[in-house]
Amino acid sequence: MHPGQPPAGQPNPPGYWPRQAPPPTAQQLQGRTLAAQPEPYPYHRRPAHRPRLRWVATPPPGAWPRRRVVPPEPYLGPPSYPVPPRWGFPNLVWRRPTSVPGTASDEIRPIDRVPVLGRSVVAVLFGFAVLAVTAAAAEIWRYVLLVQGRDSALSRSVVAFSDGFVLAAGLLAAILALLPAGLSLWWLLVARQAAADMSGDAPPRPVWQVLVGVLVPVANLPLALSVVGELEHAVLRRSRAARPQPSRQVLVWWGAWLLNWILLGVSIVWRFRGDVQSMADSVVLVALTDLSAATLAVLTALVVRRFTALLAPSDALDVREMRVLKVRGAPEPELRASRPAGAAR
């Protein structure tokens, strides 16, 4: 009800002129049009707050000064101090980590035994090779004396010395051959277990088959190649599903192995013949057997050294252990006369 309009249901009083309502403005017409349109989405899904725009002002390129690049300083040598520094490592020699007796840390792993056994086996094998060459030289000297005795008489002292030389060298070579054989077999078993531990798989064959393939005279001729080839296959960390393929070094070693055993068997059988020519031939066969044993020892040492280096490459096999015992000719360090105030003791 507009102001000045009588109540509804009552006649207009005399002299009353109804007031005309002003026409709607364009803004009111636009609001009515918008109000008449349907809602674009339900009211309960209408966003409560409109997204706000945030204006961020950034400086233009080149407004800030560039950072100065400091050139690297040249190397002027190790650091020097006016007085001996009071810091440093403790005055102790290198040692293995402390282990608790009776626990798993106290056990020596096969990979730790391989380098120690490898160095011992290599040294013993080279020593045996020198002894075998000496025994072969003694046998060759005896054969030369036999050839000379066909046409002329020989000195009794020379013959006695030759016989003693042959006997001593032959006995030493035969007895001391057990030492490199035993050490090599021990190294072989430890290396097989170390290679199996590194790969996480069990050894390809049990220990008794390895012993048969190395110690039994006839069976060891073909089986030795299989045992050493399987060890090389494991040492090189090849796939267990692949078939082992021995390298040229292993094949050469196996050839020396076959030659040594064949010459040893022939020389033993030849000694049972009693004629003079057979006795002279047995001297040559023994000399050839000693030379083949020396060759086999050298090749075995090379194989052991290679496999040991492949199993334990981080071990200090080629590093000479040195220790500083005394320093001569070095100038005495300058000692400070007084202690500065505030210096740490």
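The values are calculated or read from the model by the stated rules, or taken from the named source; none is laboratory data. What you are looking at is a predicted structure, and each value in this text was computed from that prediction instead of being measured. Note that each Cβ is placed from the backbone with ideal geometry, even for glycine, and that neighbours are counted across all protein chains shown. Ligands, DNA and RNA are stripped out before the accessible areas are found, and what is left, the full protein with its side chains, is counted by its heavy atoms. Shrake-Rupley method; radii C 1.70, N 1.55, O 1.52, S 1.80 Å.
Provide the packing ranking of 77-83, 121-127, 154-160, i.e. peptides ordered by the mean count of other C-beta atoms within 10 Å per residue, highest first. Kindly include the intermediate steps, with their values, before the conclusion.
Values: 77-83: 6.9, 121-127: 19.0, 154-160: 10.4.
Highest to lowest by the protection proxy: 121-127, 154-160, 77-83.
What whole-number volume per residue, in cubic angstrom, does the convex hull of the C-alpha atoms of the range 164-270 give? Could you put the intermediate results ahead of the total?
Details: hull volume 11.7 nm³, N = 107.
Hull volume over Cα atoms, normalised by residue count, gives 109 Å³.
Given a 1.4 angstrom probe, I'd like the percentage of the accessible area of the range 136-272 that is carbon and sulfur, rounded to a whole number.
On the way: 5790 of 8330 Å².
Carbon-and-sulfur percentage of accessible area, whole number: 70.
Each residue of the range 266-272 in turn: what ³J(HN,Hα) in whole Hz from Karplus with 6.51, -1.76, 1.60 and θ = phi - 60°, glycine and Pro shown as x?
Going residue by residue, I get 5, 5, 5, 5, 5, 6, 6 Hz, with x marking Gly and Pro.
Using protein chains only and a probe of 1.4 angstrom, how many square angstrom of residue 230 are accessible, to the nearest 10?
Surface accessible to solvent at residue 230 totals approximately 40 Å².
Can you give the translational diffusion coefficient of the range 107-237 in µm²/s, computed by Stokes-Einstein from the Kirkwood radius over Cα pairs at 37 °C and 0.692 mPa s? Write down the numbers at each step before the final one.
Values: Rh = 17.6 Å.
Here the translational diffusion coefficient equals 186 µm²/s.
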